[in-house]
1. From Met179, Met157, Met175, grab the single residue that is in contact with a strand residue (DSSP E or B) (Cβ under 9 Å, 6 or more places away or on another chain), assigned by the TED database to the domain that holds Ile207 and under 30 Å from Leu328 (Cβ atoms).
2. Are any of the residues in segment 234-242 within 28 Å of Ile338 (Cβ to Cβ), open to solvent by less than 20 Å² (accessible area, probe 1.4 Å), assigned to a helix (DSSP H, G or I) and modelled with pLDDT of 90 or more?
3. Which of the residues spanning segment 257-270 are among the polar types (S, T, N, Q) and modelled with pLDDT of 90 or more?
4. Taking the stated definitions as given, is Leu211 open to solvent by 10 Å² or more (accessible area, probe 1.4 Å) and aliphatic (A, V, I, L, M)?
5. Output the qualifying pairs, or none if there are none: Cβ atoms under 6 angstrom, residues six or more apart or on different chains, first residue in segment 184-211 and touching a residue at least 40 places away in the same chain (Cβ under 8 Å) and not assigned by the TED database to the domain that holds Phe111, second residue outside any helix (DSSP H, G or I) and open to solvent by 10 Å² or more (accessible area, probe 1.4 Å).
6. Would you say Leu254 is outside any helix (DSSP H, G or I) and at pLDDT below 90?
7. Can you tell me how many residues in segment 111-165 are aromatic (Phe, Trp, Tyr) and without any contact (Cβ under 8 Å) to a residue 60 or more places away in the chain?
8. Among residues belonging to segment 70-127 that are touching a strand residue (DSSP E or B) at 6+ places or on another chain (Cβ under 9 Å) and not hydrophobic (A, V, I, L, M, F, W, C), point out the one that is most open to solvent (accessible area, probe 1.4 Å).
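The values are calculated or read from the model by the stated rules, or taken from the named source; none is laboratory data. Quick caveat: nothing in here was measured; it's all calculated off a predicted structure. Don't worry about glycine lacking a Cβ; one is built from the backbone with ideal geometry, like all the others, and counts go over all protein chains shown. In case anyone asks, the SASA skips ligands and DNA or RNA and just uses the protein heavy atoms, side chains included. Shrake-Rupley method; radii C 1.70, N 1.55, O 1.52, S 1.80 Å.
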Amino acid sequence: MSPYALSMLMSSLAVGTIITMSSHHWFLAWMGLEINTLAIIPLMTKMHHPRAAESATKYFLTQATASALILFSTTINAWMTGEWTIMNMTNHTPTVIFTLALAIKLGIAPFHLWLPDVLQGLNMLTCLILSTWQKLAPMALMMLTSHQLNTNLLIAMALMSTIIGGWGGLNQTQMRKIMAYSSIAHLGWMILVISFAPSLALLNLFIYLVLTSSMFLMLMTLNSTNTNKLSISWLKTPTLAASMMATLMALGGLPPTSGFLPKWLILQEMTKQHLGTLSALMAMSALLSLFFYIRLSYTISMTSPPNISNSSLTWRKKKNLTYVIPILIIMSATMMPITPTLLLLN
């Protein structure tokens, strides 16, 4: 792809997200979402492969459906209230339709089926954008209207997302599908607490972005798209393979990594809201995700494929590692000690 076209598409992605996050009018927010969707579709199809075209088609159809539902719900809300302000969404019917539309956009269960298939047909860079940047605009709208959304509906979708995200990733060998189910499970934790403490949902989103970005950048550096290629990553770059193990443990939520922090705070908040049974179910569903993260760590560290070469190490090509990956890895593993500071910020 031409650098000029790529810069224009990336600028459109940024502009669309900023328009949605900074708007107070429903039509302006909807327009930002549309710019976002239309800007990423050429990035999806730049591989000129049938799988990429299939992924772009699926993504366009699901996002168009979600955008139509958002426009429909906001029009009904404007008809009932007489204004297009985002913060004034008090009627039950448009609120439920709007919640379902955002769930389709984000890939929250039970509207998650498009996400693993779409990610599987894309390259790693587009998967990174789809898993991180494309979540910002819908999550911003959800946080703006969090005090007006149906709490019972959000709790049901959150519990379903964490269970399906953990269950679906158990039998996967493709890294992009594993990261898709990881995204579904993390989104479940975010929407669980968004009605009770939006600041905790924002903290969870930030840590999710850091962990997912570091994971995708390491996979791009090691050129690992499945578990078989992941098993020889320690022969290529041992330091990066060890760092990937720490990031996987953080994604699973093991202490003392950064991934444990949001889960701990969310379970504490749910207990304060007298939702002990729900907290127990969420904690048990997190064990499903933790299992396939530990399985990937085992694949990286304790397995070696049949090697026909006499050399114990493979030929190492010099890679231009940026400073972004070490910073993200450090943030993935060492944010736990600053928990008191983050609590004071909340």
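1. Numbers: Met179 fails: in contact with a strand residue (DSSP E or B) (Cβ under 9 Å, 6 or more places away or on another chain); Met157 fails: in contact with a strand residue (DSSP E or B) (Cβ under 9 Å, 6 or more places away or on another chain).
Only one candidate passes the filter, namely Met175.
2. Applying the first criterion (within 28 Å of Ile338 (Cβ to Cβ)) to segment 234-242 yields 239-242.
This time we only want the ones that are open to solvent by less than 20 Å² (accessible area, probe 1.4 Å), so: 240-241.
Imposing the further condition that a residue be assigned to a helix (DSSP H, G or I) reduces the set to 240-241.
Still in the list and also modelled with pLDDT of 90 or more: none.
No: zero hits.
3. Of segment 257-270, the ones among the polar types (S, T, N, Q) are 257-258, 268.
The one that is among the polar types (S, T, N, Q) and modelled with pLDDT of 90 or more: Gln268.
4. Working: open to solvent by 10 Å² or more (accessible area, probe 1.4 Å): no; aliphatic (A, V, I, L, M): yes.
In short, no.
5. As it stands, the answer is Ile184/His112; Phe196/Gln273; Ser199/Asn346; Leu209/Thr132, since those pairs meet every condition given.
6. On the way: outside any helix (DSSP H, G or I): yes; at pLDDT below 90: yes.
Yes; evaluated as a whole, the condition is true for this residue.
7. Restricting attention to segment 111-165, the residues satisfying the condition of being aromatic (Phe, Trp, Tyr) are 111, 114, 133.
The next check asks that each one be without any contact (Cβ under 8 Å) to a residue 60 or more places away in the chain; those that pass are 111, 114.
Residues meeting the conditions: 2.
8. Thr85
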